[in-house]
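Every number in this text was worked out from the coordinates using simple rules, so none of it is lab data. As the structure is a prediction and not an experimental result, all values here were calculated from the model. Positions of Cβ are backbone-derived with ideal geometry, glycine not excepted, and every protein chain shown enters the neighbour counts.
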Amino acid sequence: MKLDLACGKHGRSKYRGFLGVDAKPAPPGVDRPYLQLDLNTRNDWPWPDGSADEVIVLHFIEHMCRSHGLRFVSRVLRVLKAGAHCTFATPDLRLLARYYLDRDEAFWGHVNARTGRKQRRGETHADQLNHTLHQAGHLWAYDPESLGYLITEACPTGQRHYPMPADSPYAKHPDHEFGIVMEKLG
């Protein structure tokens, strides 16, 4: 079994062979496996220990407070099979801070390819940074060190973690995100 946890508003995983899981109901016409489940507040996940071959958590860990993130990571490790992996991807606080400090207009004022409009939210770079960190529903910001520490704190033994490879199919936004792969040790 492969799980795409917090797969998003589309109500299905973007990745074939994965069960999409999200708190929102699936929209009509979803053609892939889907489970409606609030991963942030639900204490009992329906999967047995060691049942998942792979888990992806793309842009969700930042939507939880840190204490919920600790509990979430320990649950992910519980459902992974020995030798299986979970890939986390999240906005990179280091890069966002660098873009803010450098007043990087190419990043903060980027143009949406679909609409042709600037994506800027607010009048200043501080407005944009605050929107990215808070208004978008983010409750905690991570850099690779802090997410690695969270993983180690949640699961001091039984796992190892390392940077997501640049050629990972889950690496979508290298200009502002990073990923960590957590492997459950056997």
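Here are some notes:
- What the Cβ-Cβ distance of residue 168 and residue 44 gives, at R0 = 30 Å and to the nearest 0.05, is a FRET efficiency of 0.50.
- Share, in percent, of DSSP beta bridges within the chain that are antiparallel, nearest 5: 45 percent
- Each label was represented as a point 7 Å from its Cα along the Cα-to-Cβ direction; for residue 136 and residue 176 these points are 0.4 nm apart.
- The modelled label-to-label distance between residue 71 and residue 153, using points 7 Å beyond Cα along the C-beta direction, is 1.5 nm.
- Dipole in debye (nearest 20) - the chain, about Cα centre, beta carbon charges: Lys, Arg +1; Asp, Glu -1: 480 debye
- Around residue 94: net Lys/Arg minus Asp/Glu count, Cβ-Cβ under 10 Å: -2
- ³J(HN,Hα) computed for each position of the range 165-174 - Karplus, 6.51 cos²θ - 1.76 cosθ + 1.60, integer Hz, glycine/proline x: x, 4, 8, 4, x, 9, 7, 9, 9, x
- Estimated distance in nm for a label pair at residue 16 and residue 102, the labels positioned 7 Å out from Cα along Cα-to-Cβ: 3.8 nm
- Lys-Lys pairs in the chain that are eight or more residues apart or on separate chains and whose Cα atoms lie under 26 Å of each other come to 17.
- The chain: relative contact order as a whole-number percent, Cα under 8 Å and 6+ apart: 21 percent
- Lys/Arg +1, Asp/Glu -1 at C-beta; the chain dipole; positive extreme among 85, 36, 173: 36
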